[in-house]
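Quick notes on the structure that follows.
No lab work stands behind these numbers, since they all come straight from the coordinates. Not measured: the values here are computed from a predicted model. Glycine also receives a Cβ, built like all others from the backbone with ideal geometry; neighbour counts cover every protein chain displayed.
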Amino acid sequence: MHETPERVWSVESVASEIAMSRPAFAHRFKSVVGTTPPAYLSGIRLDRAARFLRDPDDSEFTFSRERGIAPGRYRRTSIAVSSSR
């Protein structure tokens, strides 16, 4: 999760990769880490986004490189899609 937080992760897929059942993995993860796998992954993603935003000179370039679209255009497109639902 740390190396590729953008990947589509599921509790099932991680459990399968380490040869555990989904319930056993979810229980063990929460007992060791203190939170659920989806909540932990959200934290990783939010931390990564915060790092991008900390450097105002680099954040637009980094966003564009990562997403292939300028931040303003992404925002406008996202708002248009959200409002059409």
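Summing Lys, Arg as +1 and Asp, Glu as -1, what charge do residues with Cβ under 11 Å from the Cβ of W9 carry, W9 excluded?
Local net charge: -1.
Remind me, relative contact order of the chain in percent, using alpha carbon pairs under 8 angstrom and six or more residues apart?
18
Mind putting a number on the dipole of the chain about its Cα centre? Charges go on the C-beta only, +1 for Lys and Arg and -1 for Asp and Glu, and I need it in Debye to the nearest 20. Display every interim value, and only then the final one.
On the way: 14 positive and 10 negative charges, 72 e Å.
Its charge dipole is roughly 340 debye.
Sorted from largest down, give the three principal axis spans of the alpha carbons of the chain, whole angstrom values.
Answer, in whole Å and largest first: 43, 33, 20 Å.
If you add up the charges near G68, with Lys and Arg at +1 and Asp and Glu at -1, over every other residue whose beta carbon is less than 14 angstrom from its beta carbon, what do you get? Walk me through the numbers on the way to the answer.
Details: positive: R65, R67, R73; negative: E6, E60, E66.
Local charge sum for G68: 0.
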